[in-house]
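Quick notes on the structure that follows.
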Amino acid sequence: MNNKRDWKTWFVMGLAALAVLSIVPTFVPGLPSFYTSIFSGRLNYGLDLKGGLELKYTVDYKKAINDNTNKLRDTLRSRLVEKWAEKAGKDPNALTDAERKAAEARFDIKRSLYNTLEVTFKEAGDAALLDDDLVDTIDLRFELRASGNTATLFLSDKAIAEIKNEVVNQTLDVIRKRVDAFGLVEPDVRRSGDADVDVQLPGLNERQMKTVREKIGQAAQLTFRMVVKEAKVFDDKKDALEQYKKSNLEKAKTLEWVTDSRGAYLRSQRKSEIINFVKTVQVPDDVMIGYEYVEDKDPISGEVKDRYYRTYNLQANAPLTGDNLTRAAVGYGDKREPVVNLEFDSRGATIFGDLTEKNVGNLMAIMLDGDVSSAPRINERIGGGRAQITLGGGRSAAQQMDEANALVTVLNNGAYKAPVIKVHDVEVGPSLGRDAVRSGMFSIALGFILAFLFMIAYYRQAGVIANIALLFNLILVLACLVSFNAALTLPGMAGIVLTVGMALDANVLIFERVREEIRSGKSTRNALDLGYGKAFWTIFDAQITTAIAGFVLMQYASGPIYGFAVTLLIGIGCSMFTSIVVTRMIYTYMLDSGKIGSELSI
């Protein structure tokens, strides 16, 4: 056996061993803790077999646009006053309150529709203050139509569609993050229709259902909180954490206690692990724990080296919220590095100025829905209602730009704050339950047994080889479902049975091609080489056509049908691998070792 074949053999054997070890906990209870600490996954059942919670929400994107239009009105009024002052030869930042009010009285701004502002100038000469350049500095998506002393700012149908898509997708991401925090098995969260979000959560008990309903129903909230340097919440918790991990190995596999110049904090690959431990810690009433998702990237290649969640000790009261933010945009700093520019309304400007003045040198956490999106350092007092967030060094300009764009998306989406309205809430009982699971398993077993008998009876030794690949195929499919934390649904069981048929079909095509080559007088090795070569594209065409159908189902279906699509796609990949690679490898081994003579049993 040459080195190439030897490498393939060890790879397949290792893959088979890993697959078997990963599915053993599903069928063998009471395994030692050292084993389950490595292979902890189990095959789980979907909503149709196990029951659970089914929710549907609709996103009120018009309310989001309406609120943003109101904020645009405040910003527009401020910019028109500034332009008037510059035209009159005055310093906009030095205007008295009386001068500012007098300038604001020169024009009237009304919101006529949820996406439209109407501006009326009382002096004909002031109409020139409002032009396309001014509108673009406020919001590029608004268009300007001017006529005499009046002007209209509006969102086109295309812009409304873009904002709707943006807001619905952002809401979808927020709901997914909330659901993921529970550590549930195979949560199905997907967009449905124009502005709806479907949520299916199998296997929830009554307490979990109540918690999920409360958490998802909360509106996404943008807040600005100071990091409390004096709060040493985790500084003395190293020993407590180690003791907790010994008692809760399954719930704290990646949980770590870390310390730096600012004190101790927790980090973990899963947010739920940190949350579960924090519940055991006494946190002061005036302090809350914030969680940030961190990606450590290589500063040169941009490759992500590590991903984890970490904690911050934050003040419980949020002195500044997204209600006071009017705009966030990507810009460039003095050194041409990407920054994020923020603009607040008058009240937010006052709060932000006082807050930054009192906390020079400290970190300010910008949070969306309880998660820390950024925690920049305050270098000086920031007044005037405008702020600039620098993203720090250690990364390339492209990486900083990506982070800046991501942060702007969070801030602006937080500013839109689209209300989420529940339109469907049903507790689903298992439609067929244990009997369906037994029947499904029986059908899979019966299908395999009949397939085994047919292949041995018709193809003899070749049938035995095909059956070995077929068994390996089933093990791989189950191992993939366990590894991907995917739930097995009743249609998913049908997908496994269909996979059995597809794997058999592939082997039949190969064997019939080999038979043709043997009849034409080819040697055993040549017949196998030509048979596998000629059958490959036929098998590939058939599988790829089915895969396209499965992919479409996975994109547009939900619940049990989604489970069928997932199982089908996994089965296609596994059957291609076992039918072509594994059986060919077995034949090669048997030829090289002399276990197949001049005649092939097929």
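Computed from the coordinates by the stated procedures, all read-outs in this text should not be read as laboratory data. Here the structure is a predicted model, which means the values were calculated and not measured. Neighbour counts run over all protein chains shown; Cβ positions are idealised from the backbone, glycine included.
What is the helix-to-structure angle for 157-180, meaning the angle in degrees between its Cα long axis and the longest Cα principal axis of the chain, kept from 0 to 90 and rounded to the nearest 10?
In the chain, helix 157-180 runs at an angle near 60 degrees to the longest axis.
As an exercise, find the ratio Rg/Rh for segment 1-119 from alpha-carbon atoms, using the Kirkwood inverse-distance average for Rh. If you can, show how the numbers build up before the last one.
Values: Rg = 34.1 Å, Rh = 22.1 Å.
Answer for segment 1-119: 1.54.
Which of 50/246; 251/279; 50/210 have a Cα-Cα distance over 24 Å?
Listed pairs above 24 Å: 50/246.
Evaluate the distance, in nm, between pseudo-label points positioned 7 Å from the Cα of residue 110 and of residue 122 along their respective Cα→Cβ axes.
Placing both labels 7 Å along Cα→Cβ, they lie 1.5 nm apart.
What are the semi-axes of the equivalent ellipsoid for segment 61-158, taken as the square roots of 5 times the Cα gyration tensor eigenvalues, largest first, in whole Å?
That gives 24, 14, 12 Å for the three semi-axes.
Compute the length gained on full extension between residue 300 and residue 534: take 0.36 nm times their separation in residues and subtract their Cα-Cα distance, giving the result in nm to one decimal.
Numbers: separation 234, 0.36 × 234 = 84.24 nm, distance 4.58 nm.
Answer, rounded to one decimal: 79.7 nm.
Tell me which of 70, 308, 352 sits at the most positive position along the dipole axis of the chain, charges placed on C-beta atoms (Lys, Arg +1; Asp, Glu -1).
Ranked along the dipole, the leading option is 308.
Computed FRET efficiency, Cβ-Cβ of residue 11 and residue 445, R0 35 Å: what is it to the nearest 0.05?
On the way: r = 29 Å, r/R0 = 0.82.
The computed FRET efficiency comes out at 0.75.
What is the dipole size for segment 44-147, taken about its Cα centre, with +1 at each Lys and Arg Cβ and -1 at each Asp and Glu Cβ, in debye to the nearest 20?
Charge dipole, segment 44-147, about its Cα centre: 340 debye, nearest 20.
Please give the contour-minus-distance gain from residue 454 to residue 542: 0.36 nm per residue of separation, less the Cα-Cα distance, rounded to one decimal in nm.
29.5 nm
About its Cα centre, how strong a charge dipole does segment 213-347 have in debye, to the nearest 20, once Lys and Arg get +1 and Asp and Glu get -1 at the Cβ?
Around 360 debye, computed over segment 213-347.
Have a look at 197, 511, 81 and report the one farthest towards the positive end of the charge dipole of the chain, computed about the Cα centre with Cβ charges (Lys/Arg +1, Asp/Glu -1).
With unit charges placed on the Cβ atoms, the residue in question is 511.
Per-residue counts of other Cβ atoms within 10 Å, averaged by peptide: what ranking do you get for 534-541, 222-229, highest first? Working shown, then result.
Working: 534-541: 15.0, 222-229: 20.8.
Most protected by this proxy first, the peptides run 222-229, 534-541.
Going Cα to Cα from residue 245, which aspartates and glutamates come in below 15 Å? Please leave out same-chain ones fewer than 8 positions away.
Partners within reach: 256, 273.
How far apart, in nm, are the 7 Å Cα→Cβ label points at residue 422 and residue 523?
7.3 nm
Provide the packing ranking of 348-359, 472-483, i.e. peptides ordered by the mean count of other C-beta atoms within 10 Å per residue, highest first.
Final packing ranking: 472-483, 348-359.
Cα axis of helix 524-556 to longest principal axis of the chain: angle in degrees, 0 to 90, nearest 10?
It works out to around 40 degrees.
Just to be sure I understand, if you calculate Cα extents along the principal axes in Å for this structure, which of [x] 126, 72, 44; [y] 86, 67, 52; [z] 103, 63, 50 do you get?
[z]
Compute the length gained on full extension between residue 505 and residue 247: take 0.36 nm times their separation in residues and subtract their Cα-Cα distance, giving the result in nm to one decimal.
87.9 nm
Among 542, 464, 115, which residue has its Cα furthest toward the positive end of the charge dipole of the chain, with +1 on Lys/Arg Cβ and -1 on Asp/Glu Cβ?
Positive-most Cα among the choices belongs to 464.
State the number of lysine pairs found in segment 61-158 whose Cα atoms come within less than 26 Å, restricting to pairs 8 or more positions apart or on distinct chains.
25
With only Lys, Arg, Asp and Glu charged, each at its Cβ (+1 for the first two, -1 for the last two), find how big the charge dipole of the chain is about the Cα centre; round to the nearest 20 debye.
With only Lys, Arg, Asp and Glu charged at Cβ, the dipole is about 1440 debye.
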